[in-house]
1. Residue by residue through the stretch A:10-15, what is 3J(HN,Hα) from phi via Karplus (6.51 cos²θ - 1.76 cosθ + 1.60, θ = phi - 60°)? Round to whole Hz and write x for glycine and proline.
2. Residue by residue through the stretch B:49-57, what is 3J(HN,Hα) from phi via Karplus (6.51 cos²θ - 1.76 cosθ + 1.60, θ = phi - 60°)? Round to whole Hz and write x for glycine and proline.
3. Tell me the relative contact order for the stretch B:10-52 as a rounded percent, counting alpha carbon contacts under 8 Å between residues six or more apart.
4. Protein chains only, probe 1.4 Å: how do A:R9, B:R68 rank by accessible area, largest first?
5. Give me the tail of P(r) for the protein assembly as shown as a percent: Cα-Cα pairs with distance above 29 Å.
6. Might you report the magnitude of the Cβ-based charge dipole of chain B about its Cα centre, with Lys and Arg at +1 and Asp and Glu at -1, to the nearest 20 debye?
7. Residue by residue through the stretch B:13-19, what is 3J(HN,Hα) from phi via Karplus (6.51 cos²θ - 1.76 cosθ + 1.60, θ = phi - 60°)? Round to whole Hz and write x for glycine and proline.
8. Between A:I77 and A:T109, what is the label-to-label distance in nm when each label sits 7 Å out along the Cα-to-Cβ direction?
Amino acid sequence: DVKVTQSSRYLVKRTGEKVFLECVQDMDHENMFWYRQDPGLGLRLIYFSYDVKMKEKGDIPEGYSVSREKKERFSLILESASTNQTSMYLCASSLQGMKQYFGPGTRLTVT
Amino acid sequence: DAKTTQPPSMDCAEGRAANLPCNHSTISGNEYVYWYRQIHSQGPQYIIHGLKNNETNEMASLIITEDRKSSTLILPHATLRDTAVYYCIVRVADSWGKFQFGAGTQVVVTP
């Protein structure tokens, strides 16, 4: 089975801190995605990557950046965390055009 | 990608079949129907997908109407662990990028 793991299940950070969320997949998938999920807003795509060192903005990239130095790893970076970035963050991976596999999520609280 | 409509909630008795409807009246010929579910505080889990033929796997069955404007996900013998939000998504085959998750159907399986 495909496994997508995220570095933390719960994270608490202070406003202004730099935050790194890590995602690793073990199935050699080309595509990786970062979403955030908020009540009433569903899942929204932040960034995705279709290859190493390649990235594309999703619907809500402001305040975030990403890094993909290795195929299996996709990092989401909050350069200066703000309270409105408190959310559930979900990573996913897929082969080209195929179903996405999701990680367990990281619940980030920014105080 | 076409929009989908699902009922906001439904209850099901344990051991009975759960039939989850989804309307996708504007679906295009090259769009697949995908179903995911999300158990509370976890990442979404892929269930099944199909184009026009009915599909079955170890988790569920997918029935797509002949005109493809609606579909039904069937959980043949619901268990308490099937309590989750179920999402119906239509998506162009071979497209990369996000899955557009709507509000889904909250299914509660009761003893």
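The values are calculated or read from the model by the stated rules, or taken from the named source; none is laboratory data. Model, not experiment: these values are computed from the prediction. Cβ sites come from the backbone with ideal geometry, for glycine too, and all protein chains shown count toward neighbours. These area figures cover heavy atoms from the full protein model, side chains too; ligands, DNA and RNA do not enter into them. Shrake-Rupley method; radii C 1.70, N 1.55, O 1.52, S 1.80 Å.
1. Karplus values, whole Hz, x for Gly and Pro: 9, 8, 10, 10, 9, 3.
2. My calculation for the stretch B:49-57 gives 8, x, 9, 9, 8, 5, 10, 9, 9 Hz in order.
3. 30 percent.
4. On the way: A:R9 90, B:R68 25 Å².
Descending accessible area places them as A:R9, B:R68.
5. Summing the P(r) tail past 29 Å for the protein assembly as shown gives 28 percent.
6. Details: 9 positive and 10 negative charges, 37 e Å.
My answer is approximately 180 debye.
7. Those phi angles translate into 7, 4, x, 8, 6, 10, 10 Hz.
8. It is 2.7 nm.
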